[in-house]
Amino acid sequence: MPSSSVLTLRRPDDWHLHLRDDAMLRRVLPASAARFGRAIIMPNLRPPLTSVADARAYRARIVAALPVGSRFQPLMTCYATDATCPNEVERGWTEGVFAAVKLYPANATTNSDHGVTDIVRLNPLMERLQALGMPLLVHGEVTSATVDIFDREAVFIERVLAPLLAGFPRLKVVFEHVTTQEAVAFVRGHAAEGRLGATITAHHLLINRNALFAGGLRPHAYCLPVAKRERHRLALVDAATSGEAPFFLGTDSAPHPVAAKESACGCAGIFTAPAGIELYAEVFERAGALDKLEAFASFNGPAFYGLTPNDDTITLHRRPWIMPELVEGVVPFRAGEDITWTLTDTTAGTLQ
Ligand code: DOR
Ligand code: ZN
């Protein structure tokens with residue numbers, strides 16, 4: 001049990017991360033590598049990563065961009081399209097390149113225009129994933145213009161996720177960045193099966209949809225799925241701080257250049273990596289559940305993915321600091337505001 005001002009944790013992992021490429025990759029990677037042992041790397045680059053060769057090359061670019069001495073491990077994903085070949089996916093899995101397949105409904109979010117138009121077309125891929133025990137990571141929102149944007153996750157559960165799980169009773173699925181009471185209840189309803197996990201972001205634990213309109217339009221609070229009402233945020237806090245096995249950390253840290261956010265049609269994405277673990281510590285502290293942070297951040301994810309927890313630790317002190325207005329050319333979450341916890345020791349990664 002940690003004392004109230006110092007927190008030492010088994011090193012956490014980030015089960016949902018956007019690192020981008022080239023100069024942006026080099027700028028944003030050190031913050032994640034200082035905190036997390038491993039991360040599931042999202043494949044929504046331009047063009048998306050759809051082959052083993054693409055993922056292998058991207059992994060090499062990430063490793064080349066790591067700070068000297070870092071042991072951070074990028075876990076690569078395959079971007080599913082209508083044309084994804086199960087044999088290619090299987091080859092990536094058996095060769096240790098792909099850790100999972102990522103399913104974006106077509107046009108659901110940033111760089112998802114090559115995504116899946118109808119999941120039923122992917123039944124042969126689902127069969128293969130189920131047989132391999134390879135996880136499917138889903139962006140859980142329907143895209144129909146007739147469904148209100150705040151209802152798209154709940155409708156996805158009914159129309160897509162429930163039938164998928166019923167049709168493939170052994171398929172391992174991660175319901176990514178859940179944002180609703182309905183999603184939390186659905187994941188808990190499947191907990192006994194041990195094959196449905198859910199990631200929860202720090203920003204969805206900290207803001208509700210009012211943040212988008214606080215005194216004016218706030219592009220830096222815009223992400224997808226969009227933040228929901230307060231009762232949904234409270235359900236997410238309850239799930240994360242419960243320590244229950246299906247819920248684990250996934251920041252969905254998603255950097256965009258300032259001009260792409262502050263625009264007439266701003267991109268979705270919140271950049272939380274510069275306080276990637278500190279923000280969660282704040283949530284757990286406020287909920288009186290710091291003793292559950294390690295389960296959520298360091299143990300539940302590896303257990304779901306069939307991996308061992310990291311063998312080193314990180315230490316946080318309850319010492320406030322101010323998040324800069326700009327970090328590496330990107331406006332971070334909480335820019336110019338207090339962050340309660342400070343990362344003070346990291347036995348392997350390079351401290352930022
Ligand atoms: O807010 C988001 N940003 N949600 C996503 O699903 C994608 C991400 C991005 O790539 O920017
Ligand atoms: Zn994402």
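The values are calculated or read from the model by the stated rules, or taken from the named source; none is laboratory data. What you see is a predicted model, and the numbers here were worked out from it, not measured in a lab. Every residue, glycine as well, gets a Cβ built from its backbone with ideal geometry; the counts of neighbours run over all protein chains shown. Calculation scope for accessible area: heavy atoms of the full protein, side chains included, ligands and nucleic acids excluded. Shrake-Rupley method; radii C 1.70, N 1.55, O 1.52, S 1.80 Å.
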On the full set of protein chains, 1.4 Å probe, figure out the accessible area of E182 and give it in Å² to the nearest 10.
80
Accessible area of the chain divided out per residue, in Å², using a probe of 1.4 angstrom
39
Classify the chain as rounded, prolate or oblate from the Cα gyration tensor: take a ≥ b ≥ c as the square roots of its eigenvalues, call it rounded if a/c is under 1.5, otherwise prolate when a/b beats b/c and oblate if not.
rounded
Suppose only helical runs count, i.e. DSSP H with n ≥ 4. What mean residue ellipticity at 222 nm does that imply for the chain under -39500 (n - 2.57) per run, divided by all residues and rounded to the nearest 500 deg cm²/dmol?
-8000 deg cm²/dmol
Just the number, please: carbon plus sulfur as a percent of the accessible area of the chain, 1.4 Å probe, no ligands or DNA/RNA counted.
53
Mind checking which aspartates and glutamates have their Cα closer than 20 Å to the Cα of K261? Skip sequence neighbours fewer than 8 apart in that chain.
D21, D22, D113, D252, E325, E328, E337
P(r) over all Cα-Cα pairs of segment 139-251, 10 Å bins from 0 to the longest distance, whole percent per bin, short to long, reads 14, 47, 31, 7, 1
With the radius of gyration and the Kirkwood radius both derived from the Cα set of segment 212-349, what is their ratio Rg to Rh?
0.97
Segment 179-198 and segment 267-336: distance between their alpha carbon centers, rounded to Å:
22
For the chain, size of Cβ-based charge dipole, Lys and Arg +1, Asp and Glu -1, in debye
220
So in the chain, what percent of DSSP beta bridges are antiparallel if you round to the nearest 5?
30
At a 10 angstrom cut-off on C-beta neighbours, averaged per residue, how do the peptides 92-103, 243-254, 117-128 rank from highest to lowest?
243-254, 92-103, 117-128
Candidate residues W321, W341: accessible-area rank, largest first, probe 1.4 Å
W321, W341
Over the Cα atoms of segment 1-106, each weighted equally, I'd like the Debye log10 I(q)/I(0) at q = 0.12, 0.22 Å⁻¹, rounded to two decimals.
-0.44, -1.16
